[in-house]
Structure formats: C-alpha cells, structure tokens
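Laboratory data are not the source of any read-out in this text; all were calculated from the coordinates shown. Just so we're clear, the structure is a prediction, and the values are computed from it rather than from any experiment. Cβ coordinates were reconstructed from backbone atoms using ideal geometry, including for glycine residues, and neighbour counts include every protein chain displayed.
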Amino acid sequence: MKRVYNFAAGPSMLPIAVLEKAQQELLNYQDSGMSVMELSHRSGLYTDVIETAELLLRDLMKIPDNYKVLFIQGGASQQFSMVPMNLMAKNGKADYVNTGSWSKKAIKEAKKFGQVREIASSEDGNFTYIPKIDSSMIDQQADYVHITTNNTIEGTAFREIPETGDVPLVADMSSNILSEEMDISKFGLIYAGAQKNIGPAGLTVVIIRGDLIGSAPESFPTMLDYKTHSVSGSLYNTPPTFAIYMAKLVFEWLTEHGGIKAMQKVNEEKAAILYDYIDQSEFYESPVRKDSRSLMNIPFVIPNRDLDAAFVKEAQNRELETLKGHRSVGGMRASIYNAMPLEGVQALVDFMKEFEKENK
Ligand SMILES: *Cc1c(COP(=O)(O)O)cnc(C)c1O
C-alpha cells in the first residue's frame, strides 16, 4: 500500500495506527452493526465516545477542573469572531499581538465587535520573529489579550508564554496544541482547529475558564455563545461526531505513546534534525530568527528561487508530499506535526542533501 510522508500544513498526517483502528471499526462499531457516523449523537455508545475524548484531552493537557472543554464547529476562523463576541463584555476592548496572517485575520474580525489595540507586531520584519511582550504593554482594562502561539504560515512560535496578570490570555493554538507541554492555567481561553494536530477537519476544540462563559449579550446568535455549548456538553445540536471520534483515537494514541511530554521530546528532535541541517548548509536558509522558531512548521528557502519548483517536484517523486511554501513566504515549508514520524524528517533531510549536491 502506498503511504507518503505528507508535510502539509493542514489537513495533515494522522497516525497510521489511528487510521487502521478507524478502518477496523468502520462498519461495525462496538458490535452496534453501525458505523460511528451512523450512530445517534444522543446514543449511549456515542456519549461514551465524546466523554472519553474529553477525559483523555483533559488528562493529556492537564486541564484544571475550572476549565470547560468544548467540541464545536466553524474552525479556528469562527473563533476569531466568537472570542470577541463572548469576551469583550466588560470594557469592549482587547489587546492583540500581530505575529502573522492568522493574527491579522483575528484582529480584523475582533474590530467588528469592539476596540482593538495592536500592542506588538513583527510585521516590520515580515513576521520572521516573535516580539517581546511584557506586562507593562498590556492595558489592565482590556477584556483579554490575544496571541497566536504558533504561526503556521511564517514558522514562528512563542517560546515563552507572556505574563498578562489579571487580564485573560486568549491563544489561537491551532498548529501547536498537543505538541509541547503548556501550563493551561496561564490562559483564559485556548482554541484550535482540529486538522493540524488533533484529527480531521470539521472539529474545533475550545478550552475556556469557567468564569469567562456567559457574558455574551442575549441578542447574539445562540450557536455563537460559549454557554450554549458548555451547558449542553457540546451536544446542543449535532456535533461533528466522526471527527470527535477520530480525535479520541488520536488522544488514545498520544496517551499510549507517553503523552505530551514524550511527544515534545520527539518533536524537538525532529525539528533539530531539520534546523541543524539547514543552519550548516550554504544552500538552504531559514528565514526565521533562531529564538522564534516553530517546532511544527519549518519554512526554508533556496536563495536561487528558480529551483523551488524542481525541489518540490523531485521531492514528490520520493514520496515527500506538499512541501511548497505558503505564497506569502515562498520557498518550501515542512509541517512536522505529532503524526510525522522521525523517519519522515530524516527522509526529507536525506533528499535535501542530494538536491543540494546536484544543484549547488
Ligand atoms: C489553520 C489555522 C487557522 C484557520 O483554521 P480553520 O480551522 O481553517 O478556520 C487559524 N489559525 C491558525 C494558527 C491556523 O494554523
């Protein structure tokens, strides 16, 4: 059977063991004679799926009891609106850090609901670094501070989570959730689209501190109020049942493999293999400042841009897929989420060496 190493930014690779388990259970889930896709979301069997998924995630991320876990739809992009709709409740203003394309979209959306202040930006350096944030920059009257912990397109990541004092910190963690240990208590709200490090597209995970729920005005749409999903256990309407089931299988896989601590270690090794090779090479370059580098999304360029297309095509012949960089950065980008095995990164570096030799 053909399986490639898929370096896509999202939707991205899933662990083979997870896909195989889903395949085994596809036609007859737990002797129900049905697929999970055909189960009622209110059935006992499905209740067990969604509750287990939440428990596993709580355990993996060490989510404190005063936080709710919500499984909803609309992608991270819908959170760009839901966050201000629900959280800009007290003073109608929020502080945002602008670290790239996704932050900019979040900022644009938030401006529709209140006063937004951009407290720091790396746009002056084409988003190749993470600006330093200290608590003096934060408006203590802001309803929240928003950051993008990992910038999927630019390949940067906050190596340190900013201290925001009493102002809740909101994080778009779409592309690095579950990749490294995080102290959840530092955040008021975390959101992530599933299709990068959790499971299939269609599911969005929101982790929210209890006291931040319930402030959306009555006039706002029911489905866009966190409270709706919180009081119903994410079952107000039909949730993305199969995507949640797949996420549960991924959480089981992570748990069996030593949890996030073990995953972080492998992720650091994988990233080091690639960065070390790029840094010693006189052929490839990383556009990202060393102190701001992502473990998950690694862009690299060849100074002779004419070679980009040949690189991507020849890599594809070696079953190394989707390495073309985002149009705003150019060059190449390797997304190496949890499901990318170390061997995949090694195979990429082996190919890069050959390509360098042939084209230098
Ligand atoms: C992919 C991504 C998004 C958009 O996610 P959707 O689920 O497609 O809306 C937002 N933020 C970040 C950091 C991302 O990587």
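Taking 0.36 nm per residue of separation and subtracting the current Cα-Cα distance, fully stretching the chain between Q23 and A201 would add 62.3 nm.
So for the chain, taking the charge dipole from beta-carbon charges (+1 Lys/Arg, -1 Asp/Glu), which of Y337, S219, V231 sits furthest toward the positive end? Farthest towards the positive end: S219.
Sorting E256, E38 from the fewest to the most surrounding beta carbons within 10 angstrom yields E256, E38. Who wins for biggest fluctuation among M82, M137, M173 in a Gaussian network model of the chain, springs between alpha carbons below 10 Å? Per the Cα network of the chain with a 10 Å cutoff, M137 tops the list. Based on the alpha-carbon gyration tensor of the stretch 263-305 and its eigenvalue square roots a ≥ b ≥ c, which shape applies: rounded if a/c is under 1.5, prolate if not and a/b is larger than b/c, or oblate? Verdict is prolate for the stretch 263-305. Which shape class applies to the stretch 160-259: rounded if a/c is under 1.5, otherwise prolate when a/b exceeds b/c and oblate if not, where a ≥ b ≥ c are the square roots of the Cα gyration tensor eigenvalues? Note, shape of the stretch 160-259 comes out oblate. Where a ≥ b ≥ c are the square roots of the eigenvalues of the C-alpha gyration tensor, would you call the chain rounded, which needs a/c under 1.5, or, failing that, prolate if a/b is larger than b/c, or oblate? Oblate is the answer for the chain, as a/c is 1.5 or above yet b/c matches or exceeds a/b. Annotation for the stretch 87-119 versus the stretch 273-294: alpha-carbon center distance of 32 Å. Remark: L254, L224, L55, L27 ranked as L27, L55, L224, L254, counting other beta-carbon atoms within 10 Å and listing the fewest first. Working note: 222 nm ellipticity from helices only, DSSP H runs with n ≥ 4, each -39,500 (n - 2.57), summed and divided by the residues of the chain, gives -11000 deg cm²/dmol to the nearest 500. Counting only Cβ charges, +1 for Lys and Arg and -1 for Asp and Glu, the dipole size of the chain around its Cα centre is about 680 debye. Between E314 and K357, the distance separating the two model label sites (each 7 Å from Cα on the Cα→Cβ line) works out to 1.1 nm. Return the FRET efficiency for the residue pair T238, E321: r is the Cβ-Cβ distance, R0 is 35 Å, and the value is rounded to the nearest 0.05. Efficiency, from the Cβ-Cβ distance: 0.60. Would you mind checking K104/K324; K132/K324; K2/K360; K196/K357 for any pair whose Cα atoms are more than 26 angstrom apart? Checking Cα-Cα distances, K132/K324; K2/K360; K196/K357 exceed 26 Å.
Pairs of Cα atoms nearer than 8 Å and 6+ residues apart set the relative contact order; for the stretch 256-308 it is 30 percent. The relative contact order of the chain comes to 23 percent, based on Cα pairs under 8 Å that sit 6 or more residues apart. Normalised by the number of residues in the stretch 30-128, the mean separation of alpha-carbon contacts (under 8 Å, six or more apart) gives a relative contact order of 20 percent.
Extension gain for N91-D211 works out to 41.6 nm (0.36 nm per residue, less the C-alpha to C-alpha distance).
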